[in-house]
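Below is one structure, written out as C-alpha cells; the observations come after it.
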Amino acid sequence: MRETSNPVFRSLPKQQGGYAQFGTGMAGTAQQVGQTYQADPSLAQYQQREVTRPLTIDDVVTKTGITLGVLSLSAIVSFFLVASNQALAGPLTFIGAFGGLGLVLLATLGRKQDNKAVVLSYAVLEGLFLGAISFVLTAVTVGTSNAGSLIGQAVLGTFGVFGGMLVVYKTGAIRVTPKFTRMLVAAMFGVLALMIGNLVLGMFGVGDGAGMGLRSGGTLSIIFSLVCIGIAAFSFLIDFDAADQMIRAGAPEKAAWGIALGLTVTLVWLYLEILRLLSYFQSE
C-alpha cells in the first residue's frame, strides 16, 4: 500500500496489494476479518477485541459527517463569541490550534486515531480555532457584516474541491502511484518549511514583520496560497486510496473514526487556504 501524505492515515492499518473502490464498501464475515489480521501484523492492535463486522463506506461517511458537524457547531459558537468580544480571538485561536495539534499528535503517535473521544475532542478544539481565525481573516478585510458571506464562499469552495477530487479519484483520471505520493509528500514538506521560515523571519522583524511576504496579501501570497490549495486538493486522492485499502483489508468498523480524522485535517487546511486567498482579493 502507498504511504499517504496525511500523517493520521499513516498509523492506520494497511494491507499490501490490490485496490478497492471508494464508495462501494466491503461485505465480509468475522472469519474473513480474522484471516486478514493473520495476514497483516499491523492490524494486531485490534485482535484483542471481538470484531462483529468489517469497515464499510457507510461507516466512513457517517463518522466523517459527525466529526464535521461537531467542528462546524464549535466554529459557529467560537465565531460569535469573538464577534461579541474581540479580546477572545487570541485565546480561542491559541487554545484551538495547539489543542487540536496536540490531539492529532496523540492520535498519530499514540495510535488512538480510532478513538471516538479523541476525534470529537479534536473537532471541538479545531472548531474553536477555525471560528476565531475566520473572524480575524474576514472581519479585518471586509468588515463584520460581510464576514459571513466570505466564509460561506470558502466553505463552498472547500467542499467543491473535495467533491471534484472524489470524482477524479473514482474515474481514475489521476492514478495514485508511489511516484505521485513521493512528489506530493515532498511538496508538503516544502510548503511547511516555507511557512515556518516565514513565521520565524516575521518574528525577527524581517520585511517589517511580514517575513518573506507569504502571508502579506501581495502577489507572492496569492501564488503561495494557490500552491497550498493545489497540494491539499491532491492530498485527497491519497487519502481516498488509503481509506480504500483499509476497507479492503477488513479493518474493524471503529477505524472509520481514524479516516474521519484524517479527512478532516485535510479539509481544515484546504478551507483556511481558500479563506486566506479570498481575503487577499477582498483587501486589494
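For this structure, a couple of remarks:
- For residue 265, solvent-accessible area (1.4 Å; no DNA, RNA or ligand), Å²: 40 Å²
- Share of carbon and sulfur in the accessible heavy-atom surface of segment 57-283 [1.4 Å probe, %]: 72 percent
- Residue order by solvent-accessible surface for 177, 266 is 177, 266, largest first, with ligands and nucleic acids left out and a 1.4 Å probe.
- The residues of segment 57-283 present an accessible area of 44 Å² per residue when probed at 1.4 Å with all protein chains retained.
- In order through segment 150-158: 3J(HN,Hα) via Karplus (6.51 cos²θ - 1.76 cosθ + 1.60), integer Hz, x for Gly, Pro: 5, 5, x, 5, 5, 5, 4, x, 4
- Here the dipole of segment 57-283 is about 300 debye; that uses its Cα centre as origin and unit charges on the Cβ of Lys and Arg (positive) and Asp and Glu (negative).
- Using a Förster distance of 25 Å, the FRET efficiency for residue 189-residue 166 (Cβ separation, nearest 0.05): 0.50
The values are calculated or read from the model by the stated rules, or taken from the named source; none is laboratory data. What you see is a predicted model; the values in this text were computed from it and never measured. Note that we place each Cβ from the backbone using ideal geometry, even for glycine, and neighbour counts take in every protein chain shown. Note: areas computed on protein heavy atoms with side chains; ligands, DNA, RNA excluded. Shrake-Rupley method; radii C 1.70, N 1.55, O 1.52, S 1.80 Å.
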